[in-house]
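Undergrad: Quick one: this structure, given as structure tokens, is what I'll be asking you about.
The values are calculated or read from the model by the stated rules, or taken from the named source; none is laboratory data. Remember, predicted model here, so these are calculated numbers, not experimental data. Backbone-built Cβ (ideal geometry, glycine too); neighbour counts: all protein chains shown.
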Amino acid sequence: MIIDIHTHVFPKKIRDNRHNYFPTESAFKLLYDSPKSTLVSAEESIAVMDAEGVDRSVVFGFPWQDIDVARETNDYILESISRFPDRLIGFCCLDPAGKDAAKEVERCLDGGLSGVGELAFYESGMDTNALDRLAPIMAVSQSRGVPVMIHTNEPVGHQYPGKSPNTLAQIYRLTTRFPDNAIILAHWGGGVFFYHLLRKEVKETLGNVYFDTAASPFLYEPAIYTVAIEIMGAEKILFGTDFPLLRPSRYFEELNSAGVSESDMKKICGANAQHLLGI
């Protein structure tokens with residue numbers, strides 16, 4: 001089974017009127033102001049899954065600051081998984097600083113969603129205040145036994161829309177603050193997995209942390225797969241495309257070109273997600 005852990009879908013109202021949200025949602029404008037930034041429906045996502053051999057996808061929207069827009073998008077995710085229960089798995093997405101954020105997470109999990117994310121701090125980074133705001137959501141997620149996906153990125157290199165000012169120290173502090181949560185660090189965790197090589201502490205601290213591959217073809221050479229496998233094991237890596245940013249075939253090409261073994265490919269592309277999500 002191939003599972004894409006990281007995809008975005010939006011209701012028609014938002015797809016057709018994205019510019020209406022820009023004045024009050026600066027992070028959304030940052031990522032989706034460009035006409036090249038595609039917004040897709042659940043049906044469009046499934047069509048690509050069918051074309052490229054993906055069995056199931058985790059779908060979510062955007063971490064809206066406006067809790068009403070977040071609820072509307074989460075309702076679309078709930079409705080989508082009810083229509084396609086064998087294909088789509090839903091996560092609850094919202095701004096951790098939003099009003100009643102933890103209550104919205106509880107509502108979504110009660111409704112049938114399977115996790116939380118992709119949560120992001122696009123403009124602030126993950127400072128102490130951000131982690132304080134995140135804490136109630138992490139508490140709910142831990143009590144329900146569901147994973148939380150956090151947007152991270154490499155703190156060096158070129159700038160691009162959505163590259164937050166997080167640091168490796170902040171990413172690591174997140175994992176030490178919530179050691180009992182199952183955490184998915186998107187976009188390879190900004191590279192923090194390298195510190196699995198340290199002799200003390202870090203490997204244990206990152207024990208419940210997984211790393212997804214979202215946007216990898218835009219960020220890293222294909223060799224990152226074999227390097228990451230050698231450093232921390234294939235069991236920690238989750239196939240995620242960030243669709244519609246990129247199609248699954250781009251990742252399959254890079255996995256093959258990197259020389260990833262068949263057994264490790266099965267873990268990365270589905271078995272790890274099955275275990276994490278209890279499928």
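Undergrad: In this structure, does G240 turn out to be assigned to a helix (DSSP H, G or I) and touching a residue at least 60 places away in the same chain (Cβ under 8 Å)? Even if it seems obvious, please write down each step before you answer.
TA: Details: assigned to a helix (DSSP H, G or I): no; touching a residue at least 60 places away in the same chain (Cβ under 8 Å): yes.
So G240 fails the test.
Undergrad: Same structure, new question: Just to check your reading of the model, which residue among V48, V54 is outside any loop (DSSP other than H, G, I, E, B) and either within 30 Å of E262 (Cβ to Cβ) or touching a Leu at 6+ places or on another chain (Cβ under 7 Å) (or both)?
TA: On the way: V54 fails: outside any loop (DSSP other than H, G, I, E, B).
That would be V48, the only listed residue that is outside any loop (DSSP other than H, G, I, E, B) and either within 30 Å of E262 (Cβ to Cβ) or touching a Leu at 6+ places or on another chain (Cβ under 7 Å) (or both).
Undergrad: Could we say that F193 is without any contact (Cβ under 8 Å) to a residue 40 or more places away in the chain, under 24 Å from L277 (Cβ atoms) and buried (at least 17 other Cβ atoms within 10 Å of the Cβ) here?
TA: no
Undergrad: Separate question: In region 57-76, how many are part of a loop (DSSP other than H, G, I, E, B) and either touching a Cys at 6+ places or on another chain (Cβ under 9 Å) or crowded, with 20+ Cβ neighbours inside 10 Å (or both)?
TA: 4
Undergrad: When region 96-125 is examined, which residues are found to be within 23 Å of D242 (Cβ to Cβ), assigned to a loop (DSSP other than H, G, I, E, B) and either basic (K, R) or in contact with a strand residue (DSSP E or B) (Cβ under 8 Å, 6 or more places away or on another chain) (or both)?
TA: The answer is P96, L113, S114, A120.
Undergrad: Can you report the number of residues in region 1-21 which are within 22 Å of the chain's Cα centre (by Cα), surrounded by fewer than 17 Cβ atoms within 10 Å (Cβ to Cβ) and in a loop (DSSP other than H, G, I, E, B)?
TA: 1
Undergrad: All but one of (1) part of a loop (DSSP other than H, G, I, E, B); (2) closer than 15 Å to G240 by Cβ hold for S34; state the number of the condition that does not hold.
TA: (2)
Undergrad: Another question about this same structure. Out of curiosity, is V227 free of Cβ contacts under 8 Å to residues at least 24 places away in the same chain and either more than 25 Å from A97 (Cα to Cα) or in a helix (DSSP H, G or I) (or both)?
TA: Yes; evaluated as a whole, the condition is true for this residue.
Undergrad: Do you know which residues across region 72-123 are out of contact with any helix residue (DSSP H, G or I) (no Cβ under 7 Å at 6 or more places or on another chain) and modelled with pLDDT under 95?
TA: Hits for region 72-123: nothing passes.
Undergrad: Any idea how many residues of region 160-215 are within 20 Å of L131 (Cα to Cα) and in a loop (DSSP other than H, G, I, E, B)?
TA: 15
Undergrad: Okay, moving on. How many residues does region 154-190 contain that are in contact with a Phe, Trp or Tyr (Cβ under 9 Å, 6 or more places away or on another chain) and closer than 21 Å to A273 by Cα?
TA: 8
Undergrad: Could I ask something else about it? Being buried (at least 20 other Cβ atoms within 10 Å of the Cβ) and more than 30 Å from D264 (Cα to Cα), is that true of even one residue in region 31-46?
TA: Yes: one or more hits.
Undergrad: Scan region 229-279 for residues that are polar (S, T, N, Q) and buried (at least 19 other Cβ atoms within 10 Å of the Cβ) and jot them down. Step through it out loud before you land on a result.
TA: Within region 229-279, the first condition is being polar (S, T, N, Q), and the residues that meet it are 241, 249, 256-257, 261, 263, 272, 274.
Scanning region 229-279 gives T241, N272.
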